[in-house]
Amino acid sequence: MANHKSAEKRARQTEKRTERNRARRSRLRTFVKKVELAIEGGDAGAAETALKAAQPELARGVSKGVIHRNTASRKLSRLTLKVNAMRTAS
């Protein structure tokens with residue numbers, strides 16, 4: 001446990017930041033899951049809409065430091081490939 005005033009403050013700040021980051025990461029996963037579910041369901045229109053909604057969320061996660069930019073780029077790339085494959089298949 002923290003013994004100094006400054007260490008106690010840092011502990012409080014860390015708790016708040018951890019909670020915020022957990023919520024942000026959860027929100028990111030939700031948006032990505034919506035795209036994946038639309039792809040599994042075979043609904044190309046819903047998949048495209050979900051992908052357009054997930055794009056800024058991933059970018060926001062990067063800017064807030066919740067995920068690495070390469071991770072966001074990789075996820076976006078893979079989802080886009082799947083959605084495009086659906087569009088060409090139908």
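Every read-out reported here was derived from the displayed coordinates using simple, explicitly stated rules and does not represent laboratory data. Note that the structure is a prediction, hence the values are computed from the model and not measured. Backbone-built Cβ (ideal geometry, glycine too); neighbour counts: all protein chains shown.
When Thr49 is tested against (1) surrounded by fewer than 16 Cβ atoms within 10 Å (Cβ to Cβ); (2) within 30 Å of Thr18 (Cβ to Cβ), only condition (2) is not met. Look at the stretch 39-55: where a residue is among the acidic types (Asp, Glu) and a partner is assigned to a helix (DSSP H, G or I), sitting 6+ places away or on another chain with Cβ atoms under 7 Å, you get Glu48/Val83.
Can Arg27 be described as within 11 Å of the chain's Cα centre (by Cα) and surrounded by 11 or more Cβ atoms within 10 Å (Cβ to Cβ)? So Arg27 fits the description; yes. There is at least one residue in the stretch 18-26 that is farther than 24 Å from Arg74 by Cβ and assigned to a helix (DSSP H, G or I).
Filtered by the rule that a residue be within 18 Å of Arg24 (Cβ to Cβ), of a type in the set (A, V, I, L, M, F, W, C) and in a helix (DSSP H, G or I), the stretch 51-90 gives Ala53, Ala54, Leu58, Ala59, Val62, Ala72, Leu76. For the stretch 66-90, a residue qualifies if it is closer than 28 Å to Thr14 by Cβ and in contact (Cβ under 8 Å) with a residue 12 or more places away in the chain, and the qualifying residues are Val66, Ile67, Ala72, Lys75.
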